[in-house]
Structure formats: structure tokens, C-alpha cells
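Readers should treat all values here as calculations from the given coordinates under stated rules, not as data from a laboratory. Predicted, not measured: the structure shown is a model, and the values here were computed from it. Glycine gets a Cβ as well: all are built from the backbone with ideal geometry, and neighbour counts include every protein chain shown.
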Amino acid sequence: MKAMVLHRQGQKLVYETIKTPTPDEGQIIIKVEACGVCRTDLHIVDGELTHPRLPLIPGHEIVGTVVAKGSKANRFELSQRVGVPWLGRTCGHCTYCQKGLENLCENALFTGYTLNGGYAQYCAAYEDFAFPIPENYTSEKAAPLLCAGLIGYRSYAMVKDAKRIGLYGFGASAHIICQVAAFQNKEVFAFTRDGDEEKQKFAISLGASWAGGSSTLPPEPLDAAIIFAPAGHLIPQALKAIDKGGCVICAGIYMSDIPSFPYSILWHERQIKSVANLTRKDGEEFMKLASQIPIELSTTAFALKKANEALDAVRGGRIKGAAVLIPEEGQ
């Protein structure tokens, strides 16, 4: 099969022919129809997330059909369309798994990081960590739901009682969660790179009540803010924007250093929380919600062999919504 392979962090992916995977007893083999390009992939390729499996096939927003099953895999039927997220497997017996916090599992494996992912024509996945895909989405449109959507949803669920929510960094995750929040009658305040009027108009078109640059304050105090951009300097800015008792959620797996800030902007019981990974419960809840809204996904498709170009476009903030790789047919 064809795949884009990372051999060394800091270098470009290599388009090459490798052996098609075969399933272990609890695995399924998926013919990849689409794989989203996530900012986490950039952090892995660029070396900001260390110690990946090498050589590695990145990608953890995978949509495709089941073409083979291991001896103990019976959850999905052959030809059924499924999605594979970042959380690839957990141990089930560590302290965190026992407490229902499998997203913090001490022995977790992650798709496209410590397990081979979806920048390929085929991939293997543990069936217990895959999800059925709502029928009202094409595979290209569904791919961003598997991380941009799921991590966005977990972040959003932490502030679900907030009425006024700020979204910092209006990319793949924010353009999904903006619609979820608007559907649930929340006021959404979108923050983009300063001067990016195109993305500000895009946010308004998806239901945001207001949109502006990230260095500005909203017209009224927020109940909560979610930071999707990997920029630590946005935390003090978001603290200034939220009201007493409000919460700032840091949704990324990586963020640049947070600058020092005066205690006064944290006082009055404001909080800062991070989001780590996801749980299968998050996936089940979000896919059910996604089937009801439905969410309008803005995607830009790239051929599999153009993965490096897609990563560069994400790195440069040139994608409106999400980038998605489409593997070619054949082996």
C-alpha cells in the first residue's frame, strides 16, 4: 500500500510503498477514505511532541470501511464505515481507567503517534476504540469530527453551562464547536489572528455573535473561553476577557510557554484547565449530537501524496476549516 511515512522528526514525510497491515485478534483493517490533517500532526512532525513511534504513519482523523477483522473482532461488519480517533487503546486497569478517566490512562496508545495512523491507503485499529460514522456526512466531511470535533466537544463540555463563550483560534475545532454552541443557543465570540477579516466573517456565518482579533477584548465579559491555538500568550488575554468565576480551557496537546501575568486577572475564582485526549464516551455523545445538528464542515482536500503541502498549509493558517487527505485507489 501507499503511505506517507515520518522517518525523523523535523523532516518531511516520505511517500512510499509498504506492506498492508494485517489485524491482531481485536483489530480491524480499514480502507482509508479520508484522513484529516490535525495540528497535533504538526507537533509530531516538527518534534514538539517527542518520542513518537518511528518510522511512523501519522494521522488520527480517519474515516474508512472495514475490509478485514481479527479473530475476536465482532463489533463491526465488513464494509461498514467507521472512524478512528486519537485515543487508540487503553489498558483498562490503571488507576485512571478504573476511575473512568481513560483519557489519562498511563499505558495508552495513540493513533498516528504510538500507533500507525491514517496517512495511508489502509490502517489497523482496535475495534473497541472506533466509532460508527453518522450517515449524513461524506467521509471527507466526517474526518475532522474525529479530533477537531471530539477534542472540541470535550473542551466545550467542560463549560457547557456557560452562556457566553469565547473561541480563540478559529480553525478546524472552533468552526465545529461554534456551530454546536450556536445550535444550543449560546452566544459565541470568535477570536482570530488580528486582521484576519476573512475568518471573522466565516465565524459570523457559522453562528458567532461577534468576531474580532485575539488581542482585543469582547464587547461584554465572557462566562468561559476555549483556546484552540497553541499560543500561550492567549491565556492572559482570555483571563482578561472572562467574568468572575469564569474558566479558560486550553484545548491543545501542545502550547507555547505561558508568559507571566498579574494575579489580579486570575482572582475572583477564575480558572485555567487543560484538556487531555478524549474518552469513548465523548465520542459516542458527540457522534450522536453531530447526527442531529448537522454540522457544516469546511474542508480542503489534498491527495495523500500531497500531505507535506497540507501540513504546510495548516502550519501557515491558510486553511479555512480543516485539511483532509484523500488516498488514491489501488495498492
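For the residues HIS268, HIS175, HIS233, what sequence is obtained by ranking on other C-beta atoms within 10 Å, fewest first?
Ordered by Cβ neighbours within 10 Å, fewest first: HIS268, HIS233, HIS175.
What's the exposure ranking of LEU222, LEU325, going from fewest to most Cβ atoms within 10 Å?
Ascending number of Cβ neighbours within 10 Å: LEU222, LEU325.
May I ask for the angle, rounded to the nearest 10°, between helix 280-292 and the longest principal axis of the chain, with both axes built from Cα atoms and the value confined to 0 to 90°?
Rounded to the nearest ten degrees, it is 80.
Just flag the GluC sites (Glu not before Pro) in segment 1-74 sitting in loop per DSSP whose Cβ has no more than 13 other Cβ atoms within 10 Å.
For GluC sites (Glu not before Pro) across segment 1-74 that sit outside H, G, I, E and B with at most 13 neighbouring Cβ atoms in 10 Å, the list reads GLU25.
Would you order ILE176, ILE235 from fewest to most other beta-carbon atoms within 10 Å of each residue's own beta-carbon?
Exposure proxy ranking, most exposed first: ILE235, ILE176.
Figure the gain on full extension for GLU198 and GLU309 (residue separation times 0.36 nm, minus the Cα-Cα span) and round it to one decimal in nm.
Full-extension gain reported as 37.8 nm.
With contacts defined as alpha carbon pairs under 8 Å and 6 or more residues apart, what's the relative contact order of segment 159-274 in percent?
Reported relative contact order: 24 percent.
For the chain, what does the helix formula give at 222 nm: sum of -39500 (n - 2.57) over DSSP H segments with n ≥ 4, over the residue count, nearest 500 deg cm²/dmol?
Only helices count here, giving -6500 deg cm²/dmol.
Could you compute the FRET efficiency for THR300 and GLU328, with r as their C-beta to C-beta distance and R0 at 22 Å, rounded to 0.05?
Efficiency, from the Cβ-Cβ distance: 0.80.
With bins 10 Å wide starting at 0, give me the P(r) of segment 114-171 over every alpha carbon pair, in whole percents.
Pairs per bin, as whole percents: 16, 41, 31, 11, 1.
Using a Förster radius of 22 Å, what is the FRET efficiency between TYR96 and ARG53 based on their Cβ-Cβ separation? Nearest 0.05, please.
0.50
Please compute the modelled spin-label separation between LEU78 and ASP243, points set 7 Å along Cα→Cβ, answer in nm with one decimal.
The modelled label-to-label distance comes out at 5.8 nm.
Share of antiparallel DSSP beta bridges in the chain, in percent to the nearest 5?
The antiparallel proportion sits near 50 percent.
Tell me the label only: which of (1) 128; (2) 138; (3) 217 is volume of the Cα convex hull per residue in Å³ as calculated from this structure?
(1)
Between ILE18 and TYR254, with labels modelled 7 Å along Cα→Cβ, what's the label distance in nm to one decimal, could you check?
1.9 nm
Would you calculate the separation in nanometres between label points at LYS320 and ARG8, each defined as 7 Å from the Cα along the Cα-to-beta-carbon direction?
In this crude spin-label approximation the distance works out to 3.9 nm.
Taking the square root of 5 times each eigenvalue of the Cα gyration tensor, what semi-axes in Å does the equivalent ellipsoid of segment 159-274 have, largest first?
20, 16, 13
Could you grab the relative contact order for the chain? Cα pairs under 8 Å, six or more apart, rounded to a whole percent.
About 19 percent, as a whole number.
What is the sum of charges, Lys and Arg at +1 and Asp and Glu at -1, for the other residues whose Cβ falls under 15 Å from the Cβ of TYR137?
Counting the neighbours of TYR137, the net charge comes to -2.
How long is the gain from PHE261 to ILE293 if the chain were fully straight, where each residue apart is worth 0.36 nm and the alpha carbon distance is subtracted?
7.6 nm
What does the charge add up to near PHE261, with Lys and Arg as +1, Asp and Glu as -1, over the other residues with Cβ less than 15 Å from its Cβ?
Around PHE261, the surrounding residues sum to +1.
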